[in-house]
1. For region 123-137, enumerate the residues that are touching a residue at least 24 places away in the same chain (Cβ under 8 Å) and surrounded by fewer than 20 Cβ atoms within 10 Å (Cβ to Cβ).
2. Just the residues that are open to solvent by 80 Å² or more (accessible area, probe 1.4 Å), assigned to a loop (DSSP other than H, G, I, E, B) and without any contact (Cβ under 8 Å) to a residue 40 or more places away in the chain, please, taken from region 153-203.
3. May I ask you to list the residues in region 56-89 that are under 12 Å from the mean Cα position of the chain (by Cα) and part of a helix (DSSP H, G or I)?
4. Give the residue, chosen from G89, G124, that is closer than 22 Å to V179 by Cα, out of contact with any helix residue (DSSP H, G or I) (no Cβ under 9 Å at 6 or more places or on another chain), at pLDDT 95 or above and small (G, A, S).
5. What number of residues within region 138-152 are among the aliphatic types (A, V, I, L, M) and either assigned to a helix (DSSP H, G or I) or free of Cβ contacts under 8 Å to residues at least 12 places away in the same chain (or both)?
6. Condition first: in contact (Cβ under 8 Å) with a residue 24 or more places away in the chain and in a helix (DSSP H, G or I). Now tell me which residues in region 96-111 satisfy that.
7. Among the candidates I114, I129, single out the residue that is closer than 16 Å to G62 by Cα, out of contact with any Phe, Trp or Tyr (no Cβ under 9 Å at 6 or more places or on another chain) and either modelled with pLDDT of 95 or more or not in a loop (DSSP other than H, G, I, E, B) (or both).
Amino acid sequence: MAKRQQSKYKIDRRLGVNLWGRGKSPINKREYGPGQHGQRRKKPSDYGLQLMAKQKLKGYYGNIGEKQFRRIYAEAVRRKGDTGENLVGLLERRLDAVVYRMKFAPTPFAARQIVNHGHILVNGRRLNIPSAQIKEGDTIEVRAKSKQMALILEAAASGERDTPDYLEVDTGALKGRFVRVPLLADIPYPVQMEPNLVVEFYSR
């Protein structure tokens, strides 16, 4: 976990975007890629654009591994409706993503760690699987013993981002409810996400 925490902003530099909209991102100072050729202007191919769209989406949710991301994509294809919308809906239903959206953690990486360490209850029961899929109406809360953790309190009080309207959150009680599965237009991404290009990437 520590290794991921230290290297997460390398994703920003590589993709050339402030992926989580944070003030600490190196992109705020250097709007070009790393390395001696980082400042060269490149015109990406169609494949390059599709790959970048996939890397952005994977990176945003805590740098999900390729094997797990492919499983999520396969489930999105299996479901009825638009595959791109299904994909972001499944990603937003992950427990670590919900914890991050509810502002119980400052970053998706911290949200994954908080869930892993057993600090989160779902419908009153402890759940420590970050990839667990949350259902509409499920209640998510920080367990009583963890409600004084500085990391959680600071994240909840932060004005860095707002809670989206597909969630209901009682910040004082550190408790919330997953109201509905969002559409792409509902999700407050700091950068433009293009799940349609991710679908094209896997459909090649």
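1. Here is the first cut: in region 123-137, the residues touching a residue at least 24 places away in the same chain (Cβ under 8 Å) are 127, 129-137.
Of everything in region 123-137, those that are touching a residue at least 24 places away in the same chain (Cβ under 8 Å) and surrounded by fewer than 20 Cβ atoms within 10 Å (Cβ to Cβ) turn out to be L127, I129, S131, A132, Q133, K135, E136, G137.
2. Just the residues of region 153-203 that are open to solvent by 80 Å² or more (accessible area, probe 1.4 Å), to begin with: 154, 157, 160, 162, 165, 168, 170, 175, 177, 183, 185, 192, 196, 200.
Right, trim to assigned to a loop (DSSP other than H, G, I, E, B) and you get 160, 162, 165, 183, 192.
Listed by number, the residues that qualify are D162, D165, Q192.
3. Of everything in region 56-89, those that are under 12 Å from the mean Cα position of the chain (by Cα) and part of a helix (DSSP H, G or I) turn out to be K56, L57, K58, G59, Y60, V88, G89.
4. Values: G89 fails: out of contact with any helix residue (DSSP H, G or I) (no Cβ under 9 Å at 6 or more places or on another chain).
When all the criteria are applied, what remains is G124.
5. Count: 4.
6. D96, A97, V98, V99, R101, P108, F109, A110, A111
7. Values: I114 fails: out of contact with any Phe, Trp or Tyr (no Cβ under 9 Å at 6 or more places or on another chain).
Every option except I129 fails the conditions.
The values are calculated or read from the model by the stated rules, or taken from the named source; none is laboratory data. The structure displayed is predicted, hence computed values, not measured ones. Counting neighbours? That spans all protein chains shown, and the Cβs are built from the backbone with ideal geometry, glycine included. Remember, those area values only see protein heavy atoms, side chains included, never the ligands or the DNA or RNA. Shrake-Rupley method; radii C 1.70, N 1.55, O 1.52, S 1.80 Å.
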